[in-house]
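S.K.: Here you go, one structure.
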Amino acid sequence: MMLIVFQLPINFAGILMQADEEYGNKVWDKHYGELYKNLGIQKGNYQLSGFINPFASLQSLSMASAGTDLFHHLDFLNEAEIYRRYFIKTLNDEYAFGGSKTGERGWKASNEFFRSIDDFSYKNASFISIQSKYLTDFICLLFWVLTLVFAINFFSRKSLTQ
């Protein structure tokens, strides 16, 4: 059996590495998916605190417009993970099917192969594309503006009547 594996025109180690990577991706997706979900819940709770503290809503919107908020961060992490998976699969496929044979430890991929791999390129998510995630903050600030307008109007009329 072992002799047959060494006679294959592929490198079985590359196939094993990719299978291990795909299993690791499932574990990552499960655990980090749960973490990202919890972070989203925390962010939602923080946004609701804007009804008590308008500066929380102002901070959320300010960070979102600057691209330094949780949603931009998670978008970057997602794009980086997608690229990492593409990159590792490309490397594993080259090792398995690019000319290396099982048991060949000194095999190296060519410079042309490495030049053919696309570079990671991230385009920051625009505020417009994520504005729906900040509806709570907009509503909180609108609540505070209306409350202040009402309070100013109420107390200014009260002081005029005295």
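S.K.: Could you please report the charge total around I10, scoring K, R as +1 and D, E as -1 over all other residues with beta-carbon less than 13 angstrom from its beta-carbon? Could you put the intermediate results ahead of the total?
M.R.: Details: positive: K101; negative: D93, E94, E104.
Around I10, the charge tally is -2.
S.K.: Does the range 97-139 come out rounded, prolate or oblate, given a ≥ b ≥ c as the square roots of the eigenvalues of its C-alpha gyration tensor, rounded meaning a/c under 1.5 and, failing that, prolate meaning a/b above b/c? Write out the running numbers ahead of the final one.
M.R.: On the way: a/c = 7.44, a/b = 3.75, b/c = 1.98.
Cα axes put the range 97-139 in the prolate bin.
S.K.: Which of rounded, prolate, oblate describes the range 17-88, given a ≥ b ≥ c as roots of the alpha-carbon gyration tensor eigenvalues and a/c under 1.5 marking rounded, otherwise prolate only if a/b is larger than b/c? The partial results should precede the final answer.
M.R.: Values: a/c = 8.04, a/b = 2.29, b/c = 3.51.
Judged from the Cα gyration tensor, the range 17-88 comes out oblate (a/c at least 1.5, b/c at or above a/b).
S.K.: So what is the calculated 222 nm ellipticity per residue for the chain, using -39500 (n - 2.57) for each DSSP H run with n of 4 or more, over all residues, to the nearest 500 deg cm²/dmol?
M.R.: On the way: 7 runs with 121 residues, N = 162.
Using -39500 (n - 2.57) per qualifying helix, the result is -25000 deg cm²/dmol.
S.K.: About the Cα centre of the chain, how large is the charge dipole given +1 on each Lys and Arg Cβ and -1 on each Asp and Glu Cβ? Please answer in debye to the nearest 20.
M.R.: On the way: 15 positive and 16 negative charges, 126 e Å.
The dipole magnitude comes to about 600 debye.
S.K.: Enter the Cα centre distance for the pair the range 41-92 and the range 103-162, rounded to the nearest angstrom.
M.R.: That distance is 7 Å.
S.K.: Can you list the trypsin sites (Lys or Arg not before Pro) in the range 129-160 that are in a DSSP coil and have 16 or fewer other beta carbons within 10 angstrom?
M.R.: On the way: sites: K133, R157, K158; in loops: none.
In loop regions of the range 129-160 (DSSP not H, G, I, E or B), there are no sparsely surrounded trypsin sites (Lys or Arg not before Pro).
S.K.: Working from Cα positions, state the angle (0 to 90°, nearest 10) between the long axis of helix 135-161 and the longest principal axis of the chain.
M.R.: 10
S.K.: Moving to a separate point now. Once the Cα atoms of helix 12-48 and of the chain are each reduced to a long axis, what angle between those two axes, in degrees from 0 to 90 to the nearest 10, is obtained?
M.R.: The helix 12-48 is inclined about 0 degrees to the chain.
S.K.: Sketch the reach of a paramagnetic label on Y86 as a point 7 Å from Cα along Cα-to-Cβ, and name the residues of the range 117-134 whose backbone nitrogen lies under 16 Å away.
M.R.: Taking a point 7 Å out along Cα→Cβ of Y86, the residues of the range 117-134 whose backbone N falls under 16 Å are 117-125.
S.K.: Sticking with this one: Here are some values of percent of Cα pairs over 21 Å apart: (1) 66; (2) 42; (3) 53. Which one was computed from this structure?
M.R.: (1)
No value in this document is a laboratory result; all are computed from the given coordinates. Here the structure is a predicted model, which means the values were calculated and not measured. Cβ coordinates were reconstructed from backbone atoms using ideal geometry, including for glycine residues, and neighbour counts include every protein chain displayed.
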